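K.L.:
One structure is given below, represented as structure tokens, and several questions about it will come after.
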Amino acid sequence: MHRSMKAKIVITPKKAVLDPQGKTVQNALIHMGYAGFGAVHVGKYIEVELAGADPQAVRQQIDDACRKILSNPVIEDYRFEIE
């Protein structure tokens, strides 16, 4: 029987990459009076439900999808957890 799993994926701009959306959010926070906010990075959150018997194979599939489709490895980092 296949176990149902969920992958939670977070994709963020690499630290060395200019993040204009993050800068806009940071400026808005400061303009609205929020003090103490440093750099803001805006990214993506993706949940994927999947079935699989082998957690290692599922982990490899998610990693492969992140590298090839879900993120741009030139300008983005990603991390994920599987539940």
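The values are calculated or read from the model by the stated rules, or taken from the named source; none is laboratory data. Bear in mind that the values here come from a model prediction, so they are computed numbers and not experimental data. All Cβ positions, glycine included, derive from the backbone under ideal geometry; neighbour counts span all protein chains shown.
K.L.:
If I filter the range 9-27 down to residues being surrounded by 12 or more Cβ atoms within 10 Å (Cβ to Cβ) and not β-branched (V, I, T), which single residue comes out as farthest from E49 (Cα to Cα)? Spell out the reasoning first.
P.N.:
At the first step, the residues of the range 9-27 found to be surrounded by 12 or more Cβ atoms within 10 Å (Cβ to Cβ) are 9-14, 17, 19, 21-27.
Filter once more, keeping what is not β-branched (V, I, T): 13-14, 19, 21-23, 26-27.
Working: P13: 24, K14: 26, D19: 29, Q21: 29, G22: 29, K23: 32, Q26: 33, N27: 36 Å.
Only one residue tops the list, namely N27.
K.L.:
Now for a different question. Looking only at strands (runs of 3 or more DSSP E) that lie completely in the chain, which have at least 1 residues being in contact with an Asp or Glu (Cβ under 6 Å, 6 or more places away or on another chain) and among the hydroxyl-bearing types (S, T, Y)?
P.N.:
Because the criterion is at least 1 residues that are in contact with an Asp or Glu (Cβ under 6 Å, 6 or more places away or on another chain) and among the hydroxyl-bearing types (S, T, Y), the strands (runs of 3 or more DSSP E) in the chain that meet it are 3-13.
K.L.:
So, one more: Hey, among E81, E49, which residue is among the charged types (D, E, K, R), within 14 Å of V10 (Cα to Cα) and either touching a residue at least 40 places away in the same chain (Cβ under 8 Å) or touching a Lys or Arg at 6+ places or on another chain (Cβ under 7 Å) (or both)?
P.N.:
Going through E81, E49 in turn, just one is among the charged types (D, E, K, R), within 14 Å of V10 (Cα to Cα) and either touching a residue at least 40 places away in the same chain (Cβ under 8 Å) or touching a Lys or Arg at 6+ places or on another chain (Cβ under 7 Å) (or both): E81.
K.L.:
Take the residues in the range 23-47 that are modelled with pLDDT of 95 or more and touching a strand residue (DSSP E or B) at 6+ places or on another chain (Cβ under 7 Å); name whichever of them is farthest from E76 (Cα to Cα).
P.N.:
Selected residue: E47.
K.L.:
Does any residue in the range 5-30 that is without any contact (Cβ under 8 Å) to a residue 40 or more places away in the chain come within less than 8 Å, Cβ to Cβ, of a residue that is in a strand (DSSP E or B) and of a type outside the set (S, T, Y) six or more places away or on a different chain, and which pairs are these?
P.N.:
Correct list of pairs: D19/P13; G22/P13.
K.L.:
Which members of the range 31-75 meet the condition of being among the aliphatic types (A, V, I, L, M) and either under 15 Å from S4 (Cβ atoms) or exposed (fewer than 12 other Cβ atoms within 10 Å of the Cβ) (or both)?
P.N.:
Residues of the range 31-75 among the aliphatic types (A, V, I, L, M): 32, 35, 39-40, 42, 46, 48, 50-51, 53, 57-58, 62, 65, 69-70, 74-75.
Scanning the range 31-75 gives M32, A35, A39, V48, L50, A51, A53, A57, V58, I62, I69, V74.
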